[in-house]
């Protein structure tokens, strides 16, 4: 029996068992007993056996087996798989500096450059250790700490509160102030020759 577009067939000329090449020399791939030039979504072209093989669960389209050869990602029993930026990897979480966005299902989105990790939005930083030259405070990574805060050290990169009465300081103690806070209910004053803010001035 002469097969129609198949390398081998059974029962009828169009019931393919294996595939070879097209008239133009391109691989043909076996899918549902038909030889195709391109495999459908959810399958990848395996040139070893000229077959359309299923993508791994989590991949919608792929170039090979496994979750590291995905072109686009899919949902599996209600769990969304997410494609990492600049990679062919689908996973259930996003790596550092990427986050899950409801606006872009099945794709990780980039965090703001000052965040190491973020959530929901690009600038909602969730890691207390920010990028270099940024300091963490209340889910934000800031280029400098605001008044009444100081940055703890260059390795932790976090804004810590000054002592009560300090507007600006270089440490947590009441004796580490450089400027006093004059807008509190009780005004504080920087003592002459000291780095201490008190509700009243020392005698003399």
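Contact map, region 31-43: residues that are farther than 12 Å from residue 19 by Cβ paired with residues that are exposed (fewer than 14 other Cβ atoms within 10 Å of the Cβ), Cβ distance under 8 Å, separation 6+ or inter-chain. Pairs shown: 42/54; 43/54.
Every condition in (1) touching a residue at least 24 places away in the same chain (Cβ under 8 Å); (2) in the same structural domain as residue 81 (by TED's automatic domain parsing) is met by residue 68 except one, and the failing one is (1). The single condition from (1) more than 30 Å from residue 110 (Cα to Cα); (2) without any contact (Cβ under 8 Å) to a residue 12 or more places away in the chain that residue 47 fails is (2).
Can you say whether residue 147 is assigned to a loop (DSSP other than H, G, I, E, B), farther than 28 Å from residue 195 by Cα and outside the structural domain of residue 76 (by TED's automatic domain parsing), as far as the supplied structure shows?
no
Please enumerate the residues belonging to region 103-117 that are in contact (Cβ under 8 Å) with a residue 12 or more places away in the chain and either buried (at least 16 other Cβ atoms within 10 Å of the Cβ) or part of a loop (DSSP other than H, G, I, E, B) (or both). Steps first, please.
First, pick out the residues of region 103-117 that are in contact (Cβ under 8 Å) with a residue 12 or more places away in the chain: 105-117.
Within region 103-117, 105, 106, 107, 108, 109, 111, 112, 113, 114, 115, 116, 117 meet the criteria.
Of 121, 148, all but one fail to be free of Cβ contacts under 8 Å to residues at least 60 places away in the same chain and under 16 Å from residue 171 (Cβ atoms); the exception is 148. Looking only at region 140-172, residues that are surrounded by fewer than 16 Cβ atoms within 10 Å (Cβ to Cβ) and touching a strand residue (DSSP E or B) at 6+ places or on another chain (Cβ under 9 Å) come to 10 in all.
Please go through region 75-94 and give me each residue that is surrounded by fewer than 19 Cβ atoms within 10 Å (Cβ to Cβ), assigned to a loop (DSSP other than H, G, I, E, B) and touching a strand residue (DSSP E or B) at 6+ places or on another chain (Cβ under 8 Å), ordered by number.
If the condition is that a residue be surrounded by fewer than 19 Cβ atoms within 10 Å (Cβ to Cβ), assigned to a loop (DSSP other than H, G, I, E, B) and touching a strand residue (DSSP E or B) at 6+ places or on another chain (Cβ under 8 Å), then 84, 85, 88, 92, 93 are the ones that fit.
The values are calculated or read from the model by the stated rules, or taken from the named source; none is laboratory data. Note that the coordinates shown come from a computational prediction; the quantities given were computed from them, not determined experimentally. Don't worry about glycine lacking a Cβ; one is built from the backbone with ideal geometry, like all the others, and counts go over all protein chains shown.
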